[in-house]
1. Within region 471-497, restricting attention to residues that are at pLDDT 50 or above and within 11 Å of Arg444 (Cα to Cα), which residue is surrounded by the fewest Cβ atoms within 10 Å (Cβ to Cβ)?
2. Yes or no: Ala239 over 16 Å from Gly218 (Cβ atoms) and touching a helix residue (DSSP H, G or I) at 6+ places or on another chain (Cβ under 6 Å)?
3. Within region 280-313, how many residues are more than 20 Å from Gly388 (Cβ to Cβ) and not in a loop (DSSP other than H, G, I, E, B)?
4. Please go through region 54-72 and give me each residue that is of a type in the set (A, V, I, L, M, F, W, C) and without any contact (Cβ under 8 Å) to a residue 60 or more places away in the chain, ordered by number.
5. Taking the stated definitions as given, is Arg408 over 21 Å from the mean Cα position of the chain (by Cα) and not in a loop (DSSP other than H, G, I, E, B)?
6. Of all residues in region 83-118 being in contact with a Gly (Cβ under 8 Å, 6 or more places away or on another chain) and not in a strand (DSSP E or B), which is nearest to Gly188 (Cα to Cα)?
Amino acid sequence: MSAPTDTDRDIERDIERAAPSRSLAPIVVAVTSGSPADAAGVRAGDEIVRINGDVPRDIIEWQMATDEAELELDVIRGGLDLAFSIEKREGEPLGVDVSSAVFDRVRTCDNHCEFCFIYQLPKGMRRSLYLKDDDYRLSFLYGNFTTLTRFTEADLERVITERLSPLHVSIHATDPDIRSQMLKNPRGAMSLRWLRALLDHGITVRGQIVVCPGVNDGAVLADTMAGILDRYPELDSVAVVPLGISKFNGEAAMRFHTIAEAQAVVDIVDDWQDVFQATLGKRMVYAADEYYLMAQRPFPPAERYDGFPMHEDGIGMARTFEAEFHGRTDEATGVRRGFFAAVDAPPNPAAYTGLRSASACSADGAGTQATTISLRPRRTAPIGVLTGELGAPVIAPLIESLGREDVRVITVRNDFFGGNTGVTGLMTGEDLARVLADEPHGHRYLLPDVCLSDEGRFLDGITVDELPRAVEIIETDGIALRSALETGSDVASTRSRTENP
Ligand code: SF4
């Protein structure tokens, strides 16, 4: 790793500040109307310090505790200690949304990977974005990848006892020396022993290999494939993804793939799929869609993704989007939560969506999905579909296949992050504002929701309301796009704003 600069030190400070410094009791952010909690008098803002005498460490323990039929809640409200006795049916939801998924400290990672995207963020973004978590609980809850370098015997026991499955593990290389070098952590050499232990106990594990050209591609990648076959054949699946590089990257050894390097990765994955299929009866490894774009190769046919087990990691999204768009399926395969899944969700008060209910009312009213359209484009107005540089080659042929002259793809270059950050989930408000300012008034602009947090903010903190044109936010799948194109703005729109004249 090169010598730290002032910017590196600023980022390190931000990373340290991103993790809460103390354990936090769950704070109620919303109470479902008519729920047991509502009937008992629990209110938004209450701090739940104990449930049946125990202090829950995270939302997993919270869920198990609140499934009980009889609950004693110790609560602090405005400095006063209160107690609530609640009787309900066993398993009936309590009707409370709480402030985060982890109440004790999120376990942060002690690795210093040169390819880490958090080190490549600009200074001054909101603190939660700098959180380097390496917490198996967030792996279970959100699909975040953990390196297991901070995993312990007690963690293993809990995972097995509570069946926290599936988990998601960063492998990168099965060679201990190369893995520890990539993680910049000597424990990286040995921590895959926990992967073996998890598999021994029947935990489903999905793996990930972030490929850095010149580091773990080529012969190292092939060796990792052999290592997986030899030592971890019970893995559910393994995603092979390219490293992300932003313009703030300070590591000279980290660079883009050349076309030939991307093609070599695709070839290795293809070859090893055949080996895994022949020996294990499943293909096991899948290359990210980005690789096929970089390699200038067609995406594999849908059947080669075996049900898209790693769709949320960008594996096979082009094929599912295509099938959804052309109406070959009635159900979206699932949405990649994008960057927020990794760094924004845990400390975000509204982020634990798993327990949120549509009727929940939030403390500040922010839970309401307002639809405010007072200057709406005509139903028949021309349509611009906003997407990132890597989304455009996927979506453009689909739009062209419609033969409609009123629909166009608007590619949003990512100047905010620069580098190879062309995925749609990384689109920022700043870049969208720049592009939309040059687009005509009165047109419809469709924006996929994958680039927005639950509160409607882009990664750079800008809100949809601050864009210079009204946008219609649609879900990030082919069904939603087709529906928005077919049905017109008033039906397709899920959220919009008054357009600045
Ligand atoms: S393990 Fe993940 S969060 Fe930690 S330094 Fe590496 S890439 Fe960053």
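1. Checked region 471-497; the qualifying residue surrounded by the fewest Cβ atoms within 10 Å (Cβ to Cβ) is Gly488.
2. When the stated conditions are applied, Ala239 passes them.
3. 7
4. Within region 54-72, Val55, Trp62, Ala65, Ala69, Leu71 qualify.
5. The answer is yes for Arg408.
6. Within region 83-118, the match that is nearest to Gly188 (Cα to Cα) is Asn111.
To keep it simple, each residue is scored yes or no on (1) farther than 21 Å from Val285 by Cβ; (2) of a type outside the set (D, E, K, R); (3) touching a Lys or Arg at 6+ places or on another chain (Cβ under 7 Å); (4) modelled with pLDDT of 95 or more.
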{"residue": "Arg158", "(1), (2), (3), (4)": "yes, no, no, yes"}
{"residue": "Ser170", "(1), (2), (3), (4)": "no, yes, no, yes"}
{"residue": "Thr174", "(1), (2), (3), (4)": "no, yes, yes, yes"}
{"residue": "Leu183", "(1), (2), (3), (4)": "no, yes, no, yes"}
{"residue": "Leu199", "(1), (2), (3), (4)": "no, yes, no, yes"}
{"residue": "Gln208", "(1), (2), (3), (4)": "no, yes, no, yes"}
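Conditions (1) closer than 23 Å to Asn249 by Cβ; (2) without any contact (Cβ under 8 Å) to a residue 40 or more places away in the chain; (3) small (Gly, Ala, Ser), marked per residue:
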position	(1), (2), (3)
Pro393	no, no, no
Asn414	yes, yes, no
Gly425	yes, no, yes
Glu430	yes, yes, no
Arg434	yes, yes, no
Arg444	no, no, no
Cys451	yes, no, no
Glu472	no, yes, no
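The values are calculated or read from the model by the stated rules, or taken from the named source; none is laboratory data. Everything numeric here is computed off the predicted structure, so don't read it as measured data. Cβ sites come from the backbone with ideal geometry, for glycine too, and all protein chains shown count toward neighbours.
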